[in-house]
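Q: This is the structure I want to talk about, given as structure tokens.
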Amino acid sequence: MRNSLIPQVLKEYRKRNHYSVNDVSLMLRERSIHVAPKTIYGWESGQANPSADILLVLCELYNISNILSVFGYREESSTFSITPSERALIESYRKHPELQKAVNKLLDLNVIRKPSDLKEETVRRKEES
């Protein structure tokens, strides 16, 4: 289910921070997130939604600290909350993509993988057999 507040909030907070869509595109690029201004307009018009990871980065850029309430959720109704130490671990994980496979294997996570990862795994399995 889509949250209909996402487009409205993203546009409102971008403007509150006096950022143009091009500014946001450049700030995201500095964080290795390459999106065109047209994509940001799509998020703000409700034609598409950013991924959860990108939404969190946008909240950081826009200085949105009370994410749940800004997007219309009551914190006490949330069963999932992240502690500051968990958030630090997540940020560290994101900053070190070269270690993510090892961490996933260590934790035995069945995370969503990119098609290229699946292709590599298929080739590896064929070579092993």
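Read-outs: derived from the displayed coordinates by stated rules, not from any lab. Note that the structure is a prediction, hence the values are computed from the model and not measured. So basically every Cβ, Gly included, is an ideal-geometry build from the backbone, and we count neighbours across all protein chains shown.
Q: Report the chymotrypsin sites (Phe, Trp or Tyr not before Pro) located in region 1-103 that are in a DSSP loop and have at most 12 other Cβ atoms inside 10 Å of their Cβ, or state none.
A: Here the chymotrypsin sites (Phe, Trp or Tyr not before Pro) that fit, given the DSSP loop and packing criteria, are F80.
Q: A further question follows. Grab the Cα-Cα distance for S65 and D23, subtract it from 0.36 nm times how many residues apart they are, and report the gain in nm with one decimal. It would help to have the intermediate numbers written out before the result.
A: Details: separation 42, 0.36 × 42 = 15.12 nm, distance 2.03 nm.
13.1 nm is the gain from fully extending S65 to D23.
Q: Additional query: Compute, for region 1-74, the length of the dipole vector about the Cα centre, with Cβ point charges of +1 (Lys, Arg) and -1 (Asp, Glu) only. Units Debye, rounded to 20.
A: 160 debye
Q: Can I ask one more? For A52 paired with S32, estimate the spin-label separation in nm (one decimal), with each label point 7 Å from Cα along the Cα-to-Cβ line.
A: Reported label-point gap for A52 and S32 is 2.0 nm.
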